Amino acid sequence: MNVVATLRNLPVLAQLRDYRVDWLRSDVASGLSVAAVSLPSAIAYPAIAGLPTEFGLFATIFSLVGYALLGPSRWLMVGPDTATCIMLAGVLASLGVTGDADRATLTIALTMAVGLLCFLAGALRLGFIANFLSRPMLVGFLAGISLALIVGQIKRLTAVDVTSDGFLRPIIALAARVSEVHLLTLMVGLGTLAFLRLLRQLAPSVPAPLLAIILGIAISAAADLQSHGVAVLGALPEIVFALTDVPLREMTSPDLVGGAMAIMLVSFGAGIITVRSFAMKQKASVDADKELVGFGAANVMSGLFGGFPVSASDSRTAVNFAIGGKTQLTALIAAATVAAAVLLISDVLAYLPAATLGAVLVSAAIDLIDIQEFVNLRRMSRSEFFFAVVTMLGVVMVGVLQGVFIAIAATLLHLLWAASYPRLAMLGRIPGQAGLYKLHRYPEAEAIAGLTIVVLQSGLVFFNADYVKRRLLKIARATRTTDKWFILDAAAVNVLDSTGVATLADVREELAEWGVAFGIADLNTRSRRIVERSGLKERLGAGMTFPSAEAAVAAFEALEAAKQGAGKYTGVS
């Protein structure tokens with residue numbers, strides 16, 4: 001019964017149960033269009049990782065089927081992705097690939113491992129891991145891998161076999177051997193690139209990569225470019241859609257699992273941005289844990305049939321969104337269309353110039369470099385701009401895989417630095433207006449005589465407790481001769497640990513020596529319980545914990561009024 005219930009809850013069956021006949025035209029049109037957009041990347045992207053073309057074809061076809069079965073989104077399209085392919089190339093290089101057979105086996109093992117890790121992460125509800133890949137980090141990472149990808153196309157665009165690694169060394173090596181550049185190959189590559197960029201500007205809705213590949217094949221066949229020294233793709237092996245042998249031994253290697261984790265983190269992090277972006281347009285919610293399951297199914301299916309790791313595709317999703325695909329039937333139609341095309345035109349692909357493939361990849365890389373986003377980051381936040389640049393340089397200078405870990409480390413360091421030095425602000429009143437206002441933000445706001453109110457805009461935990469203590473005492477020291485109460489507004493203190501409580505106790509004791517009463521306002525439920533269990537509430541004294549900063553002001557003013565009425569100061573009770 002459990003198996004039957006599970007099958008009944010498959011997303012694809014849920015979509016088919018409420019399927020409407022009038023959706024079929026949109027799904028068919030979207031499926032054919034997605035197939036047209038998918039074919040160029042299926043042909044070109046395997047070259048990024050040094051894989052045969054059939055790997056891209058299998059990844060494109062079967063990942064669409066896998067996500068259609070278990071993916072939660074009705075409109076998301078998956079498939080080969082530039083960032084994921086470059087990550088794959090970096091991991092394969094780090095694993096010390098020795099030959100084509102070894103490369104193929106390790107690719108399938110990595111793809112299966114990525115899929116299984118996605119399933120595991122989804123089951124453990126680890127979808128939040130995508131949040132650690134901040135947008136600045138992704139902007140820098142995509143720019144870095146784009147530059148690396150462009151440099152990686154030197155041989156295809158020039159016919160000069162540059163073997164140097166890194167970013168600058170291949171460029172220097174090419175400059176030293178510029179006389180060896182094959183001019184006709186260069187003309188084919190630059191002409192294709194110019195065609196792609198021009199169409200992107202003049203007709204962005206036209207599938208420029210597909211047209212470029214068709215024109216490249218036609219010109220190559222008509223002019224017999226191969227006889228003039230232009231390298232071509234060559235005949236594909238016979239395409240057979242069959243299950244591959246699962247390389248279980250390779251999948252258990254710690255090095256391979258580590259590489260698979262890096263691929264999963266980057267591909268899911270980039271993919272979930274695509275999911276969220278289009279969900280926002282649809283006003284739909286996103287469950288990152290269910291998306292992990294969908295991505296897992298896409299990668300497992302890709303690996304089972306001889307493909308490589310995949311992610312969400314913004315271009316294919318955009319096409320589906322624009323044409324109006326309603327369900328994942330679009331993905332199944334697209335997969336069937338690509339499979340039919342492969343069987344019908346595999347002989348024709350042999351004429352495709354390698355320079356045309358290189359130009360398609362360079363154009364895709366250029367689109368990943370978001371210069372405007374760098375400009376926006378620099379204007380909005382210098383620190384985030386810095387981390388984007390560090391990430392980009394890390395990928396370019398030390399490699400893709402190492403660049404990922406540099407990016408993650410930089411992001412975590414930034415978070416720790418920001419949390420270690422939280423903002424504090426003093427509050428006061430604006431004459432004639434209700435509420436409390438930050439004194440530094442509102443020049444017309446005035447401090448309340450005899451009362452200091454400080455809002456802490458962060459959690460109070462072990463790694464920022466000393467800094468917060470120094471800041472609170474510095475503020476209190478400046479007003480201790482005039483103020484009688486010092487109130488901490490804890491409305492923004494979402495986390496309070498034992499070190500934080502000890503810090504507040506130290507502040508209370510020091511203020512008491514100066515004759516200043518210390519109180520806390522607006523603690524959340526969890527923090528209030530910690531304060532009560534620690535005994536700090538009793539040490540603060542009766543009536544020195546308040547539901548809000550405004551309540552603290554009211555209590556202080558009521559006490560001052562009572563003392564003035566009695567004609568003398570009675571102290572804090």
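Numerical summary
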quantity	calculated
G571 being touching a helix residue (DSSP H, G or I) at 6+ places or on another chain (Cβ under 8 Å), small (G, A, S), in a loop (DSSP other than H, G, I, E, B) and at pLDDT below 95	no
Candidates V160, V139, V181, filtered to the one that is in contact with a Lys or Arg (Cβ under 9 Å, 6 or more places away or on another chain) and either in contact (Cβ under 8 Å) with a residue 12 or more places away in the chain or assigned by TED's automatic domain parsing to the domain that holds L357 (or both)	V160
Selection count, segment 96-106, where residues are within 28 Å of T274 (Cβ to Cβ) and modelled with pLDDT under 90	0
Subset of segment 539-556 [in contact (Cβ under 8 Å) with a residue 60 or more places away in the chain and among the aromatic types (F, W, Y)]	F556
Criterion: assigned by TED's automatic domain parsing to the domain that holds E550, assigned to a strand (DSSP E or B) and over 35 Å from the mean Cα position of the chain (by Cα) - qualifying residue of I520, I448	I520
Odd one out for A407, checked against (1) surrounded by fewer than 14 Cβ atoms within 10 Å (Cβ to Cβ); (2) not in a loop (DSSP other than H, G, I, E, B)	(1)
Helices (runs of 4 or more DSSP H) completely within segment 1-91 that count 2 or more residues being under 13 Å from T330 (Cβ atoms)	11-17, 24-44, 53-70
Residue satisfying condition, being in a helix (DSSP H, G or I) and surrounded by 17 or more Cβ atoms within 10 Å (Cβ to Cβ), within set G296, G258	G296
All positions within segment 47-87 that are touching a Leu at 6+ places or on another chain (Cβ under 8 Å), under 25 Å from P11 (Cα atoms) and surrounded by 23 or more Cβ atoms within 10 Å (Cβ to Cβ)	T60, F62, L64, Y67, A68, M77, V78, G79
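The values are calculated or read from the model by the stated rules, or taken from the named source; none is laboratory data. The shown structure was predicted, so the numbers you read here are calculated from the model rather than taken from an experiment. No Cβ is skipped: glycine too gets one built from the backbone with ideal geometry, and neighbour counts run over all protein chains shown.
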